[in-house]
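First comes the structure, then the notes that go with it.
The values are calculated or read from the model by the stated rules, or taken from the named source; none is laboratory data. None of these values were measured; they are calculated from a predicted model. Neighbour counts run over all protein chains shown; Cβ positions are idealised from the backbone, glycine included. Only protein heavy atoms, including side chains, enter the accessible area calculation; ligands, DNA and RNA are left aside. Shrake-Rupley method; radii C 1.70, N 1.55, O 1.52, S 1.80 Å.
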Amino acid sequence: MTDVKIRLYVEHPMGAGQRLALNKDQSHYLFAVMRQPLGARIAVFNGIDGEWLAEVSKANKRNGELELVSQRRAQQSPPDLWLLFAPIKKARTDFIVEKAAEMGASRILPVQTDFTNSDRIRQDRLQAHAVEAAEQCGGTYVPEVADLAKLSHVLRDWPEDRKLMFCDETLTEEAGAMAALSAAGKGAWAVLIGPEGGFSEAERAQLRALPFSHPVSLGPRILRADTAAVAALTLWQLSLGDWR
Ligand code: SAM
């Protein structure tokens with residue numbers, strides 16, 4: 001396989017010989033930052049058609065163009081796993097989105113809980129982080145980052161066949177995540193991580209009572225929300241996901 005150093009996510013259908021117009025940011029990155037010449041080869045993916053080898057057919061810093069050569073790798077979609085988390089400080093929220101994309105979450109949903117630290121997010125910025133993470137980690141899929149929504153609304157509209165790994169910091173180790181996940185079995189899942197202040201008593205009671213909820217402990221120490229997100233995704237991937 002031709003060795004390529006650059007991978008780009010593009011929103012175009014793929015097919016051999018097809019020409020693909022790059023937007024301003026992609027053109028700037030490829031031709032001003034990475035100084036790719038005419039004829040240079042890079043990898044591109046669109047989240048549907050796998051990874052393709054593409055050749056620079058117009059090296060313009062504002063509106064470059066690529067020509068698709070051949071498919072390098074088949075599409076690899078992630079397991080059906082959502083991550084719900086309450087946004088925290090900016091850099092830590094960015095970290096959660098980046099790690100969730102790398103670790104194979106298929107959808108990322110920032111949710112507002114009773115004690116959420118922030119009541120707004122920049123969805124476009126977080127989506128850009130998810131794209132960058134997929135480009136870096138070799139994934140062929142970019143998880144959608146949803147707009148901030150109230151946790152109560154997300155739960156009200158919950159798909160009935162999706163299980164929820166409710167990470168509850170007040171549980172004892174007896175509710176260990178690995179055993180709970182294995183017992184609940186495969187299928188569509190979501191992980192829920194609370195904010196710095198944790199869940200309110202009312203939320204906790206509601207979350208424990210939901211028929212699709214599986215309350216779990218992540219061990220004897222209280223983890224920061226960003227650490228908890230990575231730990232929970234790791235445990236889920238080990239128990240039920242696509243890690244072999
Ligand atoms: N303020 C809370 C406290 O002191 O008890 C801690 C909240 S913790 C920083 C943020 C979130 O990470 C929690 O709401 C939970 O979802 C998750 N979390 C952290 N440690 C956990 C643990 N040991 N077990 C389960 N979930 C945990």
Label point 7 Å out from E160 along Cα-to-Cβ: which residues of region 167-197 have amide N under 20 Å?
-> 185-190
Which GluC sites (Glu not before Pro) in region 169-243 pass both tests, a DSSP loop state and at most 12 other beta-carbon atoms within 10 Å?
-> none
With each pseudo-label sitting 7 Å past Cα toward Cβ, what's the R221-E55 distance in nm, one decimal?
-> 5.4
Heavy atoms of R41: accessible area, 1.4 Å probe, square angstrom to 10 = 100
Write down the accessible area per residue of the chain in Å², having rolled a 1.4 Å probe over the full set of protein chains.
-> 50
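Between S182 and H12, take the C-beta separation as r, use R0 = 41 Å, and let me know the FRET efficiency to the nearest 0.05.
Working: r = 41 Å, r/R0 = 1.00.
In this case the efficiency is close to 0.50.
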P(r) of the chain over all Cα-Cα pairs, binned every 5 Å from zero, in whole percent = 1, 6, 13, 16, 16, 14, 10, 8, 7, 5, 3, 1, 0
What nm value, rounded to one decimal, do you get for the distance between H153 and R107 when each label is placed 7 Å out toward the C-beta?
-> 1.5
Measure of exposure for T234: accessible area at 1.4 Å probe, Å² rounded to 10, is 40
Would you tally the net charge around A133, using a Cβ to Cβ cut-off of less than 11 Å, leaving A133 out, and scoring K and R as +1, D and E as -1?
-> -4
Leaving ligands, DNA and RNA out of it, work out the accessible area of V154 with a 1.4 Å probe and give it in Å² to the nearest 10.
-> 20
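Tell me the mean residue ellipticity at 222 nm calculated for the chain from its helices only (DSSP H runs of n ≥ 4, each -39500 (n - 2.57), averaged over every residue, nearest 500).
Values: 7 runs with 72 residues, N = 244.
The per-residue figure over the chain is -8500 deg cm²/dmol.
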Region 1-88: GluC sites (Glu not before Pro) in DSSP coil with no more than 12 other Cβ atoms inside 10 Å | E11
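Let me check something: with ligands and nucleic acids excluded, how do M34, M14, M165 order by accessible area (1.4 Å probe), largest to smallest? Don't skip to the answer; put the middle values down first.
Working: M34 80, M14 25, M165 0 Å².
Ranked from most to least accessible, the order is M34, M14, M165.
Over all directions, the average projected area of the alpha-carbon convex hull for region 7-73 comes to how many nm²? Display every interim value, and only then the final one.
Numbers: hull surface 14.5 nm².
Result: 3.6 nm².
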Excluding residues on the same chain fewer than 8 positions from K99, give the lysines whose Cα lies under 30 Å from its Cα.
-> K5, K24, K89, K90, K150, K163, K186
Hey, rough spin-label estimate for Q123 and E65, points 7 angstrom out along Cα→Cβ, what's it come to in nanometres?
-> 3.4
Compactness check, region 10-120: C-alpha Rg relative to the 2.2 N^0.38 Å globular estimate gives 1.36
Is any residue of region 41-57 close enough, with backbone N under 17 Å, to a label point placed 7 angstrom from the Cα of R19 along the Cα-Cβ axis, and if so, which?
-> 54-57
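What percentage of the solvent-accessible surface of the chain, computed with a 1.4 Å probe over protein heavy atoms, is contributed by carbon and sulfur atoms? If you can, show how the numbers build up before the last one.
Numbers: 6090 of 12230 Å².
Roughly 50 percent of what the probe reaches on the chain is carbon or sulfur.
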